[in-house]
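Read-outs: derived from the displayed coordinates by stated rules, not from any lab. Just so we're clear, the structure is a prediction, and the values are computed from it rather than from any experiment. Because the Cβ atoms are built from the backbone with ideal geometry, glycine has one as well, and the counts that use them run over all protein chains shown.
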């Protein structure tokens with residue numbers, strides 16, 4: 001069965017919800033871990049006033065008994081604490097429609113889904129668009145991705161995300177490109193206000209965010225996500241829609257505000273000769289008979305994981321809701337006016353790195369369950385163990401004997 005989920009909910013509605021299908025039975029769901037990831041998503045210097053209201057925690061409505069999955073659909077709920085202030089404005093009752101005028105949006109914000117969504121769905125009040133287009137929806141993506149991460153952790157696969165740059169400031173080459181594993185990076189960012197492993201660069205980023213705030217402006221940046229322990233063979237070169245790199249890039253591009261994704265060397269590879277781009281294959285140790293001195297491919301070749309860590313980066317644009325709004329138009333008259341203003345962040349790159357971590361975990365878990373199909377954790381573990389043994393035998397004399 002394919003791992004998939006469907007989410008629902010509006011930014012100022014009563015709750016966000018997700019139904020996950022395809023999880024094997026017997027997976028232990030650590031609620032504390034999931035809630036920790038939700039808390040991480042809400043953190044970061046430069047976040048707006050909404051974060052002082054919401055304290056996200058997840059409720060499990062179905063699919064789990066005594067802490068372990070049943071194999072049936074898993075239903076998750078995250079209540080919006082701000083709902084009490086919006087109950088009439090976001091009411092589902094026709095009788096409350098008059099209250100909608102209090103918070104109606106008639107002037108689309110450049111950079112948002114307001115205008116395009118309004119045209120597509122023929123909404124005259126653009127709140128009908130922005131409530132679902134809001135990045136608030138990513139809270140439930142983090143919850144779903146955290147479930148996927150718990151599955152991956154059971155098999156020794158760990159995913160971590162961190163901030164590479166904000167505005168003009170970037171972390172040092174050492175933290176960015178090598179030398180540190182995910183555990184070391186997670187230790188460095190555990191006390192960071194920006195999910196950044198470089199303290200000196202973080203200080204510069206904080207000052208730039210402060211300046212942007214004073215100017216009524218916003219900032220974007222780049223975050224990196226790594227996945228270690230990923231076995232070779234996830235994804236496929238056979239069909240375009242099963243390529244792991246395509247799935248991962250698509251998942252990251254679906255995060256609000258993301259305008260570019262690269263894997264491994266990414267865009268830099270286009271400026272270099274092939275000898276400086278591709279990773280040599282060399283003899284390895286007994287349990288793994290090949291090695292790579294470099295990982296410029298970012299752990300994926302031909303749409304398939306090659307056994308090296310997955311390395312992906314995503315570029316996030318500055319948040320388009322500004323304290324000093326850009327020019328827009330009035331939908332009713334067509335005349336020029338300032339864009340609508342909503343409560344917003346100055347910089348959400350640290351939060352996006354947590355969301356990016358979650359969506360990468362989800363896609364890796366999807367591919368993992370396709371490769372090692374099983375309705376229960378014991379069945380899944382047996383399939384994974386058998387495959388690991390086959391990988392060891394693939395190169396060398398033991399392969400000839402098989």
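Could you work out how far apart the two model spin labels at residue 98 and residue 84 are, taking each label as a point 7 Å from the Cα in the direction of the beta carbon, and quote it in nm? Taking the two extended label points, one gets 2.5 nm.
What order do you get for 352-363, 367-378 when each peptide is scored by the mean count of other beta carbon atoms within 10 Å, highest first?
The most tightly packed comes first, giving 352-363, 367-378.
In the chain, the longest principal axis of the Cα atoms and the axis of helix 138-154 are about 10 degrees apart.
Determine which residues of the range 1-36 fall in the zone a paramagnetic label at residue 125 would reach in this model, i.e. backbone nitrogen under 18 Å from the point 7 Å along Cα→Cβ. Answer for the range 1-36: 9-15. Helical content alone sets the calculated 222 nm signal of the chain at -10000 deg cm²/dmol, taking -39,500 (n - 2.57) per DSSP H segment of four or more residues and averaging over every residue. This ranking places 254, 107 by how few other beta-carbon atoms lie within 10 Å of each, fewest first, which gives 254, 107. Counting only alpha carbon atoms, the long axis of helix 31-42 and the longest principal axis of the chain meet at about 60°. In terms of its C-alpha gyration tensor, the range 1-123 comes out prolate, because a/c is 1.5 or above and the ratio a/b outweighs b/c. Note on residue 292 and residue 317: the model spin-label points, each 7 Å out from Cα along the C-beta direction, lie 3.2 nm apart. Quick check: from the Cα gyration tensor, does the range 136-209 come out rounded (a/c under 1.5), prolate or oblate? Because a/c hits 1.5 or more and a/b fails to exceed b/c, the range 136-209 counts as oblate. Protection proxy ranking of 196-208, 265-277, by the mean of other Cβ atoms within 10 Å over each peptide's residues and highest first, is 196-208, 265-277. With respect to the chain, whose longest principal axis is taken over its alpha-carbon atoms, helix 349-371 is tilted by about 50°.
Centre-to-centre, using Cα atoms only, the range 127-196 and the range 263-300 are separated by 24 Å. The listed peptides 184-195, 241-252, ordered by packing as a protection proxy, come out as 241-252, 184-195 (highest mean of other Cβ atoms within 10 Å first). Modelled this way, with points 7 Å down the Cα-to-C-beta line, the labels at residue 214 and residue 324 are 1.3 nm from one another. Relative to the current alpha-carbon distance between residue 253 and residue 168, full extension at 0.36 nm per residue lengthens the span by 28.4 nm.
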